[in-house]
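Asks: Quick one: this structure, given as structure tokens, is what I'll be asking you about.
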Amino acid sequence: MIGLYSLARQSRFLGWLTVLAWTLTALSPSQAQPPTVNPAAPVLNQPFPMGIQRGTTLDLTLSGSNLNDPVQLLTSFPAAITIPTDNNNGKDAGKLLVRLDVPKDAPPGWHTIRLATVHGVSNFRLFCIDDLPQIIEENNNARESAQSVPIPCVVCGRTDAEKSDFYKISVSAGQRLSFEILGRRLGSQLDPMIRLIDPRSGKPIIWSDDAPGLSKDARFSFTFKDAGEYLLEVRDVRYQGGGDWFYRLRIGDFPLAVTPMPLAIRRGTTAQVGFAGPAVQGIPPVSVSAPTDPGVQTMWLSPIRPETGLPGWPVALTISDFEELVEQEPNDEPNQANRVPLPGAVSGKLEKKYDRDHFVFAGKKNQRVLIDAVTQEVHSPSVVYLVLRNAQGNQIAASNPTADPARIDITLPEDGDYTLAVEHLHYWGGPEETYRIVFNLYEPDYVLTAQLDRHDAPAGGMVPVHVTANRRDYGGPIDITVSGPQGVSGNAVIQAGQTSTLVPVRVPGELAIGGHRLVVTGKAKIGEKEVVKKAHVRPVVREALGNLAHPPAHLGEEIVLGVTKPPPFSVQATYEQPEALRGGTVPVAITLTKAEGFDEEVTIALVSPAPVQGQQPPIPPVNIKIPKGQNQGRLELKPAGNAPLGPQYLAFSARGKYQNRDFVAYSVPDPLPIVLPFDLQVEARGGELQPAGLRISGPVLSPYLVADLLAGTFAPFSTAALDLSAVQPTRSKLAIKVKAKRRGGYNGPIALEVRNLPANVTATKPTLAEGQNEVEIELTAPSNAAVGAKGDVHVLGTATGLGNQQNASANFTITVVK
């Protein structure tokens, strides 16, 4: 099936060759050093079995490292958890027994478990809640030793290299059964294949590999003509195996669904939701009431076969803020197009080969419209191709056939109706080929990502949470808030033009040791709209699940805080000056407080957020070692010459080893502002100048008389007969006082220059000497100075002793009058 799929993908564009080159760049010593996972925290291996039947109890042995001194098992499902204390359980760092009692009404599907100890909280591991009885795989690597399993059941197994697992089932004539492997979707390395074998002939009857929409997992439904025993073979298609090649094999008469139908419903509404997939015939829709909580993005629904009461594996229903429609047939032709709102969304299905669905919306000239296909991220196998036509039927846009998911981004050329054609890129069709098309008006936006899904700090301590923003045409500030139980809180800002920050999270002293949920929220004013977003951790989830392309969506929302007992040392970092300068130096005093019995070497390092892509960090990394027996240290921060101005959210980590365990503690001081080396203030906020010469005051004389007087040509009159006190020199000079407020410890020279003066007006260019803070500048208006008011005059200063950094005063007005 793999070969057929690859050939089909090339069918429309045979001859096109696309080479994708991926470059992986590791962090170099010159790059930022963001927060890392607490080394003292527990690390969980994948548990086995990785699930439980609802309404049962399971003794689960966890393995990993740092598992000793447990406090609680965190689960995303309701359960009564017991950690037995007999047989020294809880003292082994590599192994721990926990007992789970799961109620019958626990929600089935994908869940997580984490272990919290007195030293921190672990990574998450997937854990499944199922309705089927759970069976553990036994020695079954040959047909002759096939393991008999009941129907229905779910088998928890692992494949070995170069071997297959065999199971034996007994069926009645006419019995229908579904077989489904959960493997790759669990983060397993297994690329599974299932074969149903007739033991009488030894030949396969039906098999599955890479079933549509299952991330390489396999499944099929089969109705047995003859009663008897049959064999089921499970193996990796590459014949690989080992501890990470685990799976859950579900067997029973249950539906096989790929997606709900529709794929989304609007928040706060109630809708009838059916199912799409290869084996959902006769499955009734369910009534779903979407929550109003904006934090809920996904609901999981299980299709249930009425005859047996057995549920299929749950599928994801998106909770949307759009008006959500469902495709109405017939719409194969443009004149049959379903009308959809803008903004809005529609769910549809390409039910047959060469199927093509049409939708029409009204647009206005110069509207920028985004049309997005949503398929594989919600586990539909469809690969769609989009074509947009205007009211005259002319194609004006199409999606890129080499890009997945499909998108059209267009600025509409005129008012009118626009028709979208939706088809499969490879002309396929079938019961599982569903899609959702979102029609939206383009708006600036941002998406937040928390770089770690777990953080640890002692009660009364602090920990930095690293948050990044993926901006879409919005460059302004984003306020970040971290909140948790009983007063856990933190606030920071991703500054305008920047893409990340560290949020200092304070842990109340009374908060109990153990694991707690965190929520990271961003808020930004974009235009007239306040845009609020929750941070996700999808990259962490993908990596934890073996780089699974599309993990269950809700897993990306889980961020936890582990409250620990105090580490054997704490650290306090103090800036020795309140501000930093580009190209300058900020000394930082480091003080360690050590617990009794600890006196080892500790490494101190600057912790900073990731810089804008392609740029160096505003403050390069720096670290020092405080030797054994000492408690004081000092390091120097050296902001780059192009570091962004404004507050820098930084932290300092202290790492040391105690009793063969690595520990880390953090100091998170108040933000360090990077500033310009001075501010300038002009005391004369405006002034008047007259061009050089004489001006008239007092009685108004004839301009001819004045001209003759000045020329000395009006002889019949004696000058003594004139009152010359009315003729005075003009005020052609003006003095302004400039004061400098020095910042960041800069005490060097500042060269001053007045900018944007009226035409032909000149000014002196003094320099504030080292230690000097004020000076007068003299402005001169010659006879040809331009008359009028100039309101954008300012004084520009240059720090000649610090890389010629510049800053300007506020604008002021100079007026030249006659």
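The values are calculated or read from the model by the stated rules, or taken from the named source; none is laboratory data. No experiment lies behind these values; they were computed from the predicted model shown. For neighbour counting, all protein chains shown are included, and Cβ atoms are generated from backbone atoms with ideal geometry for every residue, glycine included. Note: areas computed on protein heavy atoms with side chains; ligands, DNA, RNA excluded. Shrake-Rupley method; radii C 1.70, N 1.55, O 1.52, S 1.80 Å.
Asks: When the residues of region 216-262 are narrowed to those that are over 14 Å from Ala279 (Cα atoms) and free of Cβ contacts under 8 Å to residues at least 40 places away in the same chain, which ends up surrounded by the fewest Cβ atoms within 10 Å (Cβ to Cβ)?
Replies: Lys216
Asks: Yes or no: Ser215 closer than 30 Å to Glu162 by Cβ, over 36 Å from the mean Cα position of the chain (by Cα) and in a loop (DSSP other than H, G, I, E, B)?
Replies: Taking the combined requirement at face value, the residue does not satisfy it.
Asks: Still on this structure: Considering only residues that are aliphatic (A, V, I, L, M) and either at pLDDT below 95 or not in a loop (DSSP other than H, G, I, E, B) (or both), which ones fall in region 329-368?
Replies: Ala345, Val346, Val360, Ala362
Asks: In addition: Given the conditions (1) touching a strand residue (DSSP E or B) at 6+ places or on another chain (Cβ under 7 Å); (2) open to solvent by less than 80 Å² (accessible area, probe 1.4 Å), and given that Gln376 satisfies all but one, which numbered condition is not satisfied?
Replies: (1) is the only condition that Gln376 fails.
Asks: For region 37-69, which positions are in a loop (DSSP other than H, G, I, E, B), touching a residue at least 60 places away in the same chain (Cβ under 8 Å), open to solvent by less than 50 Å² (accessible area, probe 1.4 Å) and not polar (S, T, N, Q)?
Replies: Within region 37-69, Pro39, Ala40, Ala41, Pro42, Pro47, Pro49, Met50 qualify.
Asks: Just checking, does region 781-796 include any residue being open to solvent by less than 50 Å² (accessible area, probe 1.4 Å), modelled with pLDDT of 95 or more, within 30 Å of Glu576 (Cα to Cα) and among the hydrophobic types (A, V, I, L, M, F, W, C)?
Replies: Yes, the conditions are met somewhere in region 781-796.
Asks: Same structure again: Of the numbered conditions (1) of a type outside the set (D, E, K, R); (2) within 30 Å of Ala211 (Cβ to Cβ); (3) open to solvent by 30 Å² or more (accessible area, probe 1.4 Å); (4) part of a strand (DSSP E or B), Trp428 satisfies every one except a single condition; which is it?
Replies: (4) is the only condition that Trp428 fails.
Asks: Kindly list the number of the only condition in (1) among the aliphatic types (A, V, I, L, M); (2) in contact with a Leu (Cβ under 7 Å, 6 or more places away or on another chain); (3) open to solvent by 30 Å² or more (accessible area, probe 1.4 Å) that fails for Leu650.
Replies: For Leu650, the exception is condition (3).
Asks: Residue by residue through region 328-341, note down the ones that are in contact (Cβ under 8 Å) with a residue 12 or more places away in the chain, open to solvent by 40 Å² or more (accessible area, probe 1.4 Å) and under 25 Å from Leu317 (Cβ atoms).
Replies: Scanning region 328-341 gives a single hit, Arg339.
Asks: May I pose another question? Looking at region 264-306, which of the residues that are modelled with pLDDT of 95 or more and of a type in the set (D, E, K, R) is surrounded by the most Cβ atoms within 10 Å (Cβ to Cβ)?
Replies: In this case the residue turns out to be Arg305.
Asks: Residues in region 542-557: is at least one in contact with an Asp or Glu (Cβ under 8 Å, 6 or more places away or on another chain), open to solvent by less than 10 Å² (accessible area, probe 1.4 Å) and modelled with pLDDT of 95 or more?
Replies: No.
Asks: Can you give me the ranges of the strands (runs of 3 or more DSSP E) entirely in region 105-205 with at least 3 residues that are in contact (Cβ under 8 Å) with a residue 40 or more places away in the chain?
Replies: Qualifying strands (runs of 3 or more DSSP E): 109-117, 125-130, 153-158, 165-171, 176-182, 192-198.
Asks: Which condition from (1) assigned to a loop (DSSP other than H, G, I, E, B); (2) more than 30 Å from Gly584 (Cβ to Cβ) is the one that Ala810 breaks?
Replies: Just one mismatch for Ala810, condition (2).
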